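Report on one structure; see the data block that follows.
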Amino acid sequence: MNVYAYVKKTAIAAVAVGTLTLSTVGAIPSHAVAAASVEANNDALRTLMSFYKPALQGQFPNFHSFTLGKTSHETVINTIGKAESPATDADGFDVYHAEMGHPGYAINYKLGKIREMRYFGTNVERQTNLGGITVRMLIQQWGAPNESVLIKSGKTVQKKITYVRGKYQLEFIFNGTSGTGLDHINLVTKTIK
């Protein structure tokens, strides 16, 4: 077979595969797409609600019971290892990157104990995790926040929605001002009066 005939057959096969793929994608019923969207929303809601009670103890859900002001830097390292991106100064964070369905975290220490924790969620299927949590969902589930402020750094604007949970507070940091695009959740000691 000459090169021209081979290229022609390959091109025809590629067009046929593409046509079959497009027709299959178009055949997905709209109710299946809607069901997937509802399921992603339910997963995001479960993620949100998982933070409610642990925050009263100064903890994140499913994070080795690490506790603000109590758990030592040494305990964290012995439990989950050294951070992929360790802090470079006293105000910095040890960052544990999200990978293979496991969420990412960042931890800041003061006097060798956890001072602040950040939850970055998962990178894969983000809409079923942090990406699906909105300000509207927060208010529907938890009521009015204790504080809502805009944070500006250069051209970057973020919305911080804060809920007090006992001696602690959860800060939901959204990119932009739309109330969608949750970037991360902070857990800190209560500062709001």
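The values are calculated or read from the model by the stated rules, or taken from the named source; none is laboratory data. This one's a predicted model, so the numbers in the text were calculated from it and none came from an experiment. Here the Cβ is made from the backbone with ideal geometry for all residues, glycine too, and neighbour counts use every protein chain on show. Accessible surface is based on the protein model in full, side chains and every heavy atom, while ligands, DNA and RNA are left aside. Shrake-Rupley method; radii C 1.70, N 1.55, O 1.52, S 1.80 Å.
Every residue in the stretch 172-193 that is open to solvent by less than 50 Å² (accessible area, probe 1.4 Å), of a type in the set (Val, Ile, Thr) and over 12 Å from Gln158 (Cα atoms), please.
Ile185, Val188, Ile192
Report the residue count in the stretch 96-118 for those that are basic (Lys, Arg) and over 15 Å from Tyr168 (Cα atoms).
The total comes to 2.
Among the residues of the stretch 104-146, what is the count of those that are modelled with pLDDT of 95 or more and acidic (Asp, Glu)?
Total meeting the criteria: 1.
Residues in the stretch 158-176: is at least one more than 18 Å from the chain's Cα centre (by Cα), within 18 Å of Gly58 (Cα to Cα) and among the hydrophobic types (A, V, I, L, M, F, W, C)?
So far as the stretch 158-176 goes, yes, one or more of its residues are more than 18 Å from the chain's Cα centre (by Cα), within 18 Å of Gly58 (Cα to Cα) and among the hydrophobic types (A, V, I, L, M, F, W, C).
How many residues are under 17 Å from Gly181 (Cβ atoms) and surrounded by 10 or more Cβ atoms within 10 Å (Cβ to Cβ) when one looks only at the stretch 146-164?
Going through the stretch 146-164 one residue at a time, the tally reaches 9.
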